[in-house]
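Since the structure comes first, as structure tokens, the remarks are kept for the end.
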Amino acid sequence: METMKYGVWGIWIGGVAAIFFGSGWVVTAGHFAVWATLAAHLAEFFAIRSVFERAGGSMGTHFVQTMIYGLFYWVPIKKRVEAGGAG
């Protein structure tokens with residue numbers, strides 16, 4: 001799962017690069033990638049917020065990490081919390 005986090009960076013960096021350095025449909029695809037990823041990660045954060053509250057720690061950190069990595073950040077935390085451990 002850790003390795004898959006790098007793929008999310010590829011989406012973010014690829015989308016931003018497409019916006020700034022692309023032309024035509026590439027720019028449109030870059031905007032779609034960035035905005036769709038942002039919307040999905042925002043929805044994930046609010047859907048899983050109760051797990052973060054049970055796990056403890058900074059909600060700001062949980063928010064930023066979820067916005068960057070999405071489910072690759074929160075799934076291991078959810079598994080630990082459901083198993084009875086801390087986040």
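Tell me whether segment 61-77 contains one or more residues that are surrounded by fewer than 16 Cβ atoms within 10 Å (Cβ to Cβ), of a type outside the set (A, V, I, L, M, F, W, C) and under 19 Å from Lys5 (Cβ atoms).
Initial filter on segment 61-77 (surrounded by fewer than 16 Cβ atoms within 10 Å (Cβ to Cβ)): 61, 64, 68, 75-76.
If we keep only those that are of a type outside the set (A, V, I, L, M, F, W, C) too, we end up with 61, 76.
Adding the requirement that they be under 19 Å from Lys5 (Cβ atoms) leaves 61, 76.
Scanning segment 61-77 turns up at least one residue that is surrounded by fewer than 16 Cβ atoms within 10 Å (Cβ to Cβ), of a type outside the set (A, V, I, L, M, F, W, C) and under 19 Å from Lys5 (Cβ atoms).
Looking only at residues in segment 29-52 that are surrounded by 13 or more Cβ atoms within 10 Å (Cβ to Cβ) and not hydrophobic (A, V, I, L, M, F, W, C), which one is nearest to Arg80 (Cα to Cα)?
Among residues in segment 29-52 that are surrounded by 13 or more Cβ atoms within 10 Å (Cβ to Cβ) and not hydrophobic (A, V, I, L, M, F, W, C), the one nearest to Arg80 (Cα to Cα) is Arg49.
With the condition kept exactly as written, say whether any residue in segment 71-85 is of a type in the set (Val, Ile, Thr) and under 15 Å from Val8 (Cα atoms).
Scanning segment 71-85, I find at least one residue that is of a type in the set (Val, Ile, Thr) and under 15 Å from Val8 (Cα atoms), so the answer is yes.
Read-outs throughout are calculated quantities, based only on the coordinates presented, and are distinct from any laboratory measurement. Source: prediction; values computed, not measured. Note: ideal-geometry Cβ built from the backbone for every residue, glycine included; neighbour counts use all protein chains shown.
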